[in-house]
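Engineer: Here you go, one structure.
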There are 2 protein chains.
Amino acid sequence: MRNKIRRILQYSFIAIFVVSLCSAANAADPLPSWNDGTAKEAILKFVTTVTDKSSKDYVEPAKRIATFDNDGTLWVEYPMYTQVLFAFDRVKKLAPQHPEWKTKQPFKALLAGDMKTVAASGMKGVAELVMASHAGMTGDEFEQEVSKWFTTNKNTHLDRLYKECIYQPQLELLAYLRANEFKTFIVSGGGIQFMRPMTMKAYGIPPWQVVGSSIVSKFEIKDGKPELVRMPKIDFVDDKAGKPVGIYEHIGVRPILAFGNSDSDMQMIQYAKGGEGRRLGLFVHHTDAEREYAYDRKSHVGTLDKALDQAAANDWIIVDMKKDWKQVFPAK
Amino acid sequence: MRNKIRRILQYSFIAIFVVSLCSAANAADPLPSWNDGTAKEAILKFVTTVTDKSSKDYVEPAKRIATFDNDGTLWVEYPMYTQVLFAFDRVKKLAPQHPEWKTKQPFKALLAGDMKTVAASGMKGVAELVMASHAGMTGDEFEQEVSKWFTTNKNTHLDRLYKECIYQPQLELLAYLRANEFKTFIVSGGGIQFMRPMTMKAYGIPPWQVVGSSIVSKFEIKDGKPELVRMPKIDFVDDKAGKPVGIYEHIGVRPILAFGNSDSDMQMIQYAKGGEGRRLGLFVHHTDAEREYAYDRKSHVGTLDKALDQAAANDWIIVDMKKDWKQVFPAK
């Protein structure tokens, strides 16, 4: 009996010890890769306030919606959007089945490695390359192609797979928000079906919490199998003023927190901040040429110009990567 | 010391007792409003199998997607879709601001209570009424209008608010699926923003798990406030072959269970059943003139005709409301 009691008491102490450890972990800094400063303080203050039942700014969990841009906000977009690189690779792979590309621009230039001519073809040219590489197959086939590409293709400058060029401070922020009963969504100008194969593993965001641009798809019975077939036609552009529209259609709740990194995210952040009660809007400012890249007003991707000028007047938080982020990428 | 031990042991016994009680509750019938029969058996067998790690048909939680039609599957659609009744009411309410409706059909007929002429205007006429009553306001205003309407408008035949004309067996099924780590979605031909104000309270389904038809919306700064403005133009029809498209765009995962009640749900169910592994497709058959309504092949709403003919060959489960449902509506 004595031994039994001792054992019960021992277990109790162990249990108490484990519980204390957990509490200590909770009490610890939830954003260890963020340096102390305005941005971190604003985030902590915001989350503490909207989850405090005694606060006039309390927000019930069902309304705790946070939306994040993807390119340049959750993962690297510089010097070129990952999806465009995927499109380039895929056009090269499909070229043997398309002899007509040998004489058709910008395909001809891309296949010859003449990136200057590709760039000169502008958004119209790039859109043609994206269309040719994203359509003409079923949804399942596209998912497989994208998943395969993600397993082997690297950003050589950073020496990481593209799907691993994600920001450690943002991973912590996403986890912190979810621990506080937020639902976290991606709202990106990128292709919705291009992102979905990687968002769960990379960010803990399931496919149905990803909003993005899309091409038209069509239901067909193909070789006796019911499939979605991807068509070479733009359906929806989830960028700039399209972002609030994408949020309204896909989420149906106005976010209370929105995070972007370029002028294309301004409307999403205006929409989020336009609701009643306390709201938070943030932009990543890429200032770190050493650990990542430095670009803003004049950049060909992720242009951050007007938003920088209007930030103070609108109470938007500018997150300075160099200053605010202790660590940029997850440890390898 | 002796007392302390006794107390610790007592607490342990209480804890064990409580845990046993919970297990007993789990072991109880999860679908008490479903009569024993083919349908109930098929559901229980399916859920047990796909959640059994030792089964070759095991499905990981992230892929446990269930989609439900709304009109006629989760709530009453007869003798007229709830959303159309809302549109009629709203046109009447807005009439003083639209003197032109006095001479314009089908508005004139509706305002005069001449429902025969309204019906004769067909889908085109009804679409005009829906447009006029659903557009020309912000998303927030529309949500308020719908929410208000839901609090007072009744199906007099059933003597229930429309938002409470929901099927008890389906509420149990939704809860049972969620308890087994399914994500439950609505995929309806009804308006996405019309349904959203009621789906969480009625079914436990949050706004972002509702897929439906939509009109175009546009982001605008209106009186200094960033808003979505609803435009009188169809954006997407989430019906028939549109349902798999809506699923692909909004959810991004092929469902393993799909539940409908009319020929308009056939494509959704084909798509769900077309994936690998074990799948379940079901239709509600409205056979109960006494407790609800009886209609199928010749009905003007929720026509169930081809699906009845093709059910056996496709292994679709036909749920016979009269025979399979012990109770149709929740207790008041």
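Engineer: Could you check the stretch B:138-174 and list, in sequence order, the residues that are more than 25 Å from B:Asn35 (Cα to Cα) and among the aliphatic types (A, V, I, L, M)?
Structural biologist: B:Val146, B:Leu161
Engineer: When residues of the stretch A:175-208 are filtered for being within 17 Å of A:Pro255 (Cα to Cα), without any contact (Cβ under 8 Å) to a residue 60 or more places away in the chain and surrounded by fewer than 23 Cβ atoms within 10 Å (Cβ to Cβ), how many remain?
Structural biologist: 2
Engineer: Name every residue in the stretch A:255-271 that is facing another protein chain (nearest Cβ under 10 Å) and in contact (Cβ under 8 Å) with a residue 60 or more places away in the chain, in order of residue number.
Structural biologist: A:Met268 - this is the single residue of the stretch A:255-271 that is facing another protein chain (nearest Cβ under 10 Å) and in contact (Cβ under 8 Å) with a residue 60 or more places away in the chain.
Engineer: Tally up the residues in the stretch B:214-229 that are touching a Phe, Trp or Tyr at 6+ places or on another chain (Cβ under 6 Å) and not aliphatic (A, V, I, L, M), please.
Structural biologist: Counting residues in the stretch B:214-229 that are touching a Phe, Trp or Tyr at 6+ places or on another chain (Cβ under 6 Å) and not aliphatic (A, V, I, L, M) gives 3.
Engineer: Okay, next question. Within the bounds of the stretch A:161-182, is there any residue that is of a type outside the set (Asp, Glu), touching a strand residue (DSSP E or B) at 6+ places or on another chain (Cβ under 6 Å) and within 12 Å of chain B (Cβ to nearest Cβ)?
Structural biologist: no
Engineer: Oh, and also: Just to be sure I understand, how many residues within the stretch B:68-83 are surrounded by fewer than 24 Cβ atoms within 10 Å (Cβ to Cβ) and on the phi > 0 side of the Ramachandran plot?
Structural biologist: Result for the stretch B:68-83: 0.
Engineer: Something else about it: Which of (1) within 19 Å of the chain's Cα centre (by Cα); (2) farther than 16 Å from B:Lys240 by Cα does B:Leu282 not meet, given it meets every other one?
Structural biologist: With (1) within 19 Å of the chain's Cα centre (by Cα); (2) farther than 16 Å from B:Lys240 by Cα applied to B:Leu282, the lone miss is (2).
Engineer: Separate question: Only residues in the stretch B:27-56 that are in contact (Cβ under 8 Å) with a residue 12 or more places away in the chain count as the first member; pair them with residues that are of a type in the set (Gly, Ala, Ser), Cβ under 6 angstrom, at least 6 apart or cross-chain, and list the lot.
Structural biologist: B:Thr49/B:Ser55
Engineer: Being modelled with pLDDT of 95 or more, within 14 Å of chain B (Cβ to nearest Cβ), within 23 Å of the chain's Cα centre (by Cα) and in a helix (DSSP H, G or I) is true for just one of A:Ala62, A:Ala39, A:Ala87, A:Ala66. Which residue is that?
Structural biologist: A:Ala62
Engineer: Same structure again: For residues that are of a type in the set (A, V, I, L, M) and touching a Lys or Arg at 6+ places or on another chain (Cβ under 8 Å), scanning just the stretch B:190-210, find the one that is nearest to the other protein chains (Cβ to nearest Cβ).
Structural biologist: Selected residue: B:Val210.
Engineer: Residue pairs, Cβ under 6 Å, 6 or more apart or interchain, first in the stretch B:95-108 and within 15 Å of B:Ser121 (Cα to Cα), second of a type outside the set (A, V, I, L, M, F, W, C) and part of a helix (DSSP H, G or I). List them.
Structural biologist: B:Pro106/B:Gly125
Engineer: Just to be sure, is A:Gly72 of a type in the set (Gly, Ala, Ser) and in contact (Cβ under 8 Å) with a residue 40 or more places away in the chain?
Structural biologist: Criteria met by A:Gly72.
Engineer: Could you please give the count of residues in the stretch B:165-193 that are within 12 Å of the chain's Cα centre (by Cα) and more than 15 Å from B:Ile256 (Cα to Cα)?
Structural biologist: Adding up the residues that qualify gives 10.
Engineer: Also, quick follow-up: Being more than 8 Å from chain A (Cβ to nearest Cβ) and under 24 Å from A:Ile221 (Cβ atoms) narrows it down to one of B:Gly252, B:Gly274, B:Gly302, B:Gly224, so name that one. Write out each step before concluding.
Structural biologist: Values: B:Gly252 fails: more than 8 Å from chain A (Cβ to nearest Cβ); B:Gly274 fails: more than 8 Å from chain A (Cβ to nearest Cβ); B:Gly224 fails: under 24 Å from A:Ile221 (Cβ atoms).
Selected residue: B:Gly302, the only one of B:Gly252, B:Gly274, B:Gly302, B:Gly224 that is more than 8 Å from chain A (Cβ to nearest Cβ) and under 24 Å from A:Ile221 (Cβ atoms).
The values are calculated or read from the model by the stated rules, or taken from the named source; none is laboratory data. Only a predicted model underlies this, so the values are computations on that prediction, with no experimental measurement involved. Because the Cβ atoms are built from the backbone with ideal geometry, glycine has one as well, and the counts that use them run over all protein chains shown.
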